[in-house]
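Quick notes on the structure that follows.
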Amino acid sequence: ELHVDDLAAAVALVLRGPAPPVLDVSDIMLDRRDLLRTYAQVTGRGGTLPDRADPTTVSEMDCALLRTLGWRPRGWAGLRSALAAMPVC
């Protein structure tokens, strides 16, 4: 999962120097259950959470190159602030 602001920061960083041929850009490994639990915590809403997905079926991106260039996504704190800024339906 990746917030558009974190993607824009990664692109801006790469455009300042010689661009690598391949660039993985990703922030947190996010299970739907964790997303919905965090949303419930931020909004004060409850409900039944789905089961966790099988983590062995996920191929995580390697963002080490971007991190060596100084890129730091916002992680869980960024997810919480983005969810808090969304209107509650």
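No lab work stands behind these numbers, since they all come straight from the coordinates. From a predicted model like this one, the values you see are computed outputs, not experimental measurements. Quick reminder, even Gly has a Cβ in these numbers, built from the backbone with ideal geometry, and neighbours come from all protein chains shown.
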Projected onto the charge dipole of the chain (unit charges on the beta-carbon of Lys, Arg, Asp and Glu, signs +1, +1, -1, -1), the Cα from Gly78, Ile28, Thr56 with the largest positive-side position is that of Gly78
Counting only backbone N atoms under 15 Å from a point 7 Å out along Cα-to-Cβ of Leu65, the residues of the range 1-36 in range are 10-26
For the chain, the dipole about the Cα centre with charges only on Cβ (Lys and Arg +1, Asp and Glu -1), to the nearest 20 debye, works out at 340
Applying the gyration tensor rule to the Cα atoms of the chain (axes a ≥ b ≥ c; rounded if a/c under 1.5, else prolate if a/b exceeds b/c, else oblate), the class is oblate
Checking rank on 56-68, 26-38, with mean other Cβ inside 10 Å and highest first, the result is 26-38, 56-68
